Amino acid sequence: MITHHQPKQKGFSLIELMIALTISLLIMAAILKLFLDISLSNDELAKTNAQIENGRFAIQLLQQDLMHAGFWDGYIAPFDNPVDSSGQPPPDTVPAPCLLYSSWNQDYRDQLLAIPLQAYSGVPTGCEGVVTSKQGGTDVLITRHAETCVAGTANCSADELGRVYVQVSRCVSDVTRYVLGQTGTATFNLRQRDCNATPVATKRRYLANLYYIQSGDVPTLMRSTFDLHSGAPSFGTPQPMIEGIEAFRIELGIDNFNADAGAAVNYATGVRGDGIPDEYIHCGTGCTAEQLVDAVAAQIHVLVRSTRPTAGYTDTKTYQLGGQSLGPFNDQFKRHVFSTSVRFHNVSGRREVPADFVPGPLGTNDPATTPDPS
């Protein structure tokens, strides 16, 4: 009889098992570290991307609003109009930016259209109910212009009862050059270029925005818009626009080409300058009316902070926002400064007049009938 023996089954020895477990643990530790490093890198990349987007969006938002500052659908204040020989000087008073609409008079309306933006380092007088919890060391900006589309047309807001609108005359026979008032209260009967009674000139919504930085766990760029609030035109409750904006500074470019040597400007010539900034200033407690009507450009600086801290990081940097230096903050938040320059096209563009320009009555520029201002 032949006997067959089954081979004995063998497994891992205790030593082999311990070695296998150790190798497995080392591999798992390496994989876990790689996963954590990738997650940490992705988290930092996400924070950096959000910081960059917030900075770009803040700059773009302010830049676009400033580019439209002073757009009044063809209206030009007499002192800035090369074809207006009335000799009317610019306003010598800066408008209170948050004045109640019920207190607006014609002089105040003239100031609003002549001074399309204002800047302050503190809270403007009368705006205490609008600018709340303002971040220290940051500016407040107010911009004004007419809506770029005609009220009630396609893709534009409707002509709403109680809202404030601007209507500009294109008829040289109209004594009144513009109307700034509420639909339902003001009389909008200015005429088109043909001076016929109908149709009347178009209306555009009056737009004013107030920007500031609100402090908190995450500092935020806020915007209050002038519109109907509780049935009355006013600056409403500020709305958060962009998180992580920790500082904001604006410096105005002043065109003083025609205001040197202390000589009085001849407003009958309408030539106020050349549209190019000769110096940049920071308004601080507020610029003068003369400085504001001569503002043709601005430099915008924003300091953007990440919304979440970075473990193991300490911010020891110093940041330069124009003439302002901030830091070091010595915290765990990463920061970056975004800056740009913007030209006020509607203000600077009308100062670019030919060297041989001869001013004349409104609607004319005929050297044969208009005396040489020299």
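The values are calculated or read from the model by the stated rules, or taken from the named source; none is laboratory data. Computed from a predicted structure; not experimentally measured. Positions of Cβ are backbone-derived with ideal geometry, glycine not excepted, and every protein chain shown enters the neighbour counts. Keep in mind that these areas ignore ligands, DNA and RNA; they rest on the heavy atoms of the full protein, side chains included. Shrake-Rupley method; radii C 1.70, N 1.55, O 1.52, S 1.80 Å.
Compute a Gaussian network model of the chain, connecting alpha carbons closer than 10 Å, and tell me which residue from T183, T288, T318 fluctuates the most. Among T183, T288, T318, the largest mean-square fluctuation in the Gaussian network model of the chain belongs to T318. On full extension, the segment bounded by L14 and S173 gains 46.5 nm, given 0.36 nm per residue less the C-alpha separation. Would you please give the FRET efficiency between S215 and V150, computed as 1/(1 + (r/R0)^6) with r the Cβ-Cβ distance and R0 = 56 Å, to the nearest 0.05? So, using R0 = 56 Å, E works out to roughly 0.90.
Measuring with a 1.4 angstrom probe and ignoring ligands and nucleic acids, C287 comes out at about 10 Å² accessible. With contacts taken as Cα pairs under 8 Å at a separation of at least 6 residues, the chain carries a relative contact order of 19 percent.
Per residue of the chain, the DSSP helices (runs of n ≥ 4 H) give a summed -39500 (n - 2.57) that works out to -6500 deg cm²/dmol at 222 nm. Enclosing the Cα atoms of segment 147-266 in their convex hull gives a volume equal to 190 cubic angstrom per residue. Placing a label point 7 Å from the Cα of A232 along the Cα-to-Cβ direction, the residues of segment 173-199 whose backbone N falls under 19 Å of that point are 181-186.
Compared with the dominant Cα axis of the chain, that is its longest principal axis, helix 14-67 is turned about 0°. Shape class of segment 52-110 from the Cα gyration tensor (axes a ≥ b ≥ c, square roots of the eigenvalues): oblate, since a/c reaches 1.5 or more and a/b does not exceed b/c. Full extension of the chain between Q64 and N105 yields a length gain of 11.8 nm, computed as 0.36 nm times the residue separation minus the alpha carbon distance. Solvent-accessible area per residue in the chain equals 52 Å², computed with a 1.4 angstrom probe and all protein chains kept.
Modelled this way, with points 7 Å down the Cα-to-C-beta line, the labels at Y313 and L40 are 1.3 nm from one another. Looking at segment 123-217, the trypsin sites (Lys or Arg not before Pro) that sit in a DSSP loop and have at most 14 other Cβ atoms within 10 Å of their own Cβ are R193. Taking amide H as placed 1.01 Å from N in the peptide plane, the amide H of V166 sits under 5 Å from that of R204, R205, Y206, each at least 5 places away or on another chain. Convex hull of alpha carbon positions in the chain: directionally averaged projected area 34.4 nm². Each residue of segment 186-202 is assigned a 3J(HN,Hα), and the resulting list reads 6, 9, 9, 10, 5, 10, 6, 4, 6, 6, 6, 5, 9, x, 6, 5, 6 Hz, derived from the Karplus form 6.51 cos²θ - 1.76 cosθ + 1.60 (θ = phi - 60°), x at Gly and Pro.
With the simple model of a label 7 Å out from the Cα in the direction of the Cβ, T93 to S339 spans 3.8 nm.
Between the amide H of M241 and those of L221, M222, R223, distances stay under 5 Å, these residues lying 5 or more places away or on another chain, with hydrogens modeled in the peptide plane. Projecting the Cα atoms of T288, M28, A96 onto the charge dipole of the chain (Cβ charges, centred on the Cα centre) puts M28 farthest toward the positive pole.
Rolling a 1.4 Å probe across all protein chains gives D217 an accessible area of roughly 140 Å².
Ranked from largest to smallest solvent-accessible area, with a 1.4 Å probe on the protein heavy atoms, H282, H145 come out as H282, H145.
Taking the chain as a Gaussian network of alpha-carbon nodes connected by springs under 10 Å, the highest mean-square fluctuation of the residues A77, A58, A20 belongs to A20.
Pairs of Lys residues in the chain that lie 8 or more places apart, or on two chains, and have C-alpha atoms under 23 angstrom apart add up to 5.
Calculated FRET efficiency, V123 to T225, Cβ-Cβ distance, R0 = 22 Å: about 0.80 to the nearest 0.05.
The heavy atoms of M67 present about 70 square angstrom of accessible area, all protein chains included, probe 1.4 Å.
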